[in-house]
Amino acid sequence: MKLSIITINFNNAVGLKKTIESVVNQTSNDFEYIVIDGGSKDGSINIIKKYDSKINYWTSEPDNGIYHAMNKGILLAKGDYLEFLNSGDILVNETVTQKIIPELNVGVEILYGNMLKQMPNKIRRDKGFRGRQPTLLDFYKGTLNHSPAFIKRSLFDKFGLYDQSLKIVSDWKWYLEVIILGRIIPSYLNLDITVFDMNGIS
């Protein structure tokens with residue numbers, strides 16, 4: 001299996017429905033889909049059950065926050081590469097996986113594309129580092145966008161999982177350790193991958 005897409009959710013049924021539909025409606029289904037719910041009470045489970053036949057694995061149980069849920073997804077994933085598409089965020093169109101899977105090959109450790117930021121009155125295209133190797137200063141100012149990134153599963157074996165003690169910046173810490181300290185070079189593809197809901201927790 002080349003790719004695992006992981007969605008985490010907690011009490012965001014409206015956002016979850018958008019996210020799941022953007023995944024299950026892909027023209028290529030050569031990937032597995034994992035949904036980790038934190039024990040939602042808002043109808044999220046009904047949404048998941050509606051698409052049960054198109055989700056490879058799902059669970060709903062209390063967890064210890066965003067990164068605990070993401071780590072659960074990592075440990076379950078069978079794909080060579082992982083994408084984290086959290087509830088409320090969507091793949092930009094139905095051909096994303098069809099276009100991205102052929103780009104995931106042995107020489108690629110982290111591949112990222114563009115993220116469209118959904119503002120109240122406009123959408124802004126964020127190309128991240130645009131293919132250049134990020135520096136420590138870059139990580140002082142920001143991070144590598146998460147939702148349009150495809151991360152080699154083996155990197156989590158080598159560098160460890162996300163730090164569950166941090167509420168919203170553990171992915172920043174992980175990227176810092178992997179890209180700056182670990183000298184892993186991310187690859188860039190000038191392709192719109194995700195629409196990111198700017199109204200989310202982070």
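The values are calculated or read from the model by the stated rules, or taken from the named source; none is laboratory data. Note that the structure is a prediction, hence the values are computed from the model and not measured. Here the Cβ positions follow ideal geometry from the backbone for every residue, glycine too, while neighbour counts run over all protein chains shown. What goes into the accessible areas is simple: the full protein's heavy atoms, side chains included, and nothing from ligands, DNA or RNA. Shrake-Rupley method; radii C 1.70, N 1.55, O 1.52, S 1.80 Å.
Being within 20 Å of S187 (Cβ to Cβ) and touching a helix residue (DSSP H, G or I) at 6+ places or on another chain (Cβ under 9 Å) is a property that does not hold for I100.
Of all residues in the range 186-202, which are modelled with pLDDT of 95 or more, over 14 Å from K99 (Cβ atoms) and of a type in the set (A, V, I, L, M)? Matches in the range 186-202: V195 only. For beta carbons closer than 8 Å, sequence separation of 6+ or different chains, a first residue in the range 172-199 that is part of a loop (DSSP other than H, G, I, E, B) and a second that is aromatic (F, W, Y) and buried (at least 19 other Cβ atoms within 10 Å of the Cβ), the qualifying pairs are P186/Y112.
Return a yes/no flag: does the range 130-147 have any residue that is touching a strand residue (DSSP E or B) at 6+ places or on another chain (Cβ under 7 Å), modelled with pLDDT under 95, over 22 Å from N71 (Cβ atoms) and not in a helix (DSSP H, G or I). Yes - at least one qualifying residue is present in the range 130-147. Among the conditions (1) in contact (Cβ under 8 Å) with a residue 60 or more places away in the chain; (2) among the small types (G, A, S); (3) open to solvent by 40 Å² or more (accessible area, probe 1.4 Å), A149 misses just one, which is (3).
At least 3 residues being over 23 Å from L116 (Cα atoms), at pLDDT 95 or above and not basic (K, R) is the threshold, and among the helices (runs of 4 or more DSSP H) wholly inside the range 1-101 those reaching it are 44-50, 66-76.
In the range 68-114, the residue that is nearest to Y162 (Cα to Cα) out of those that are among the hydroxyl-bearing types (S, T, Y) and open to solvent by less than 10 Å² (accessible area, probe 1.4 Å) is Y81.
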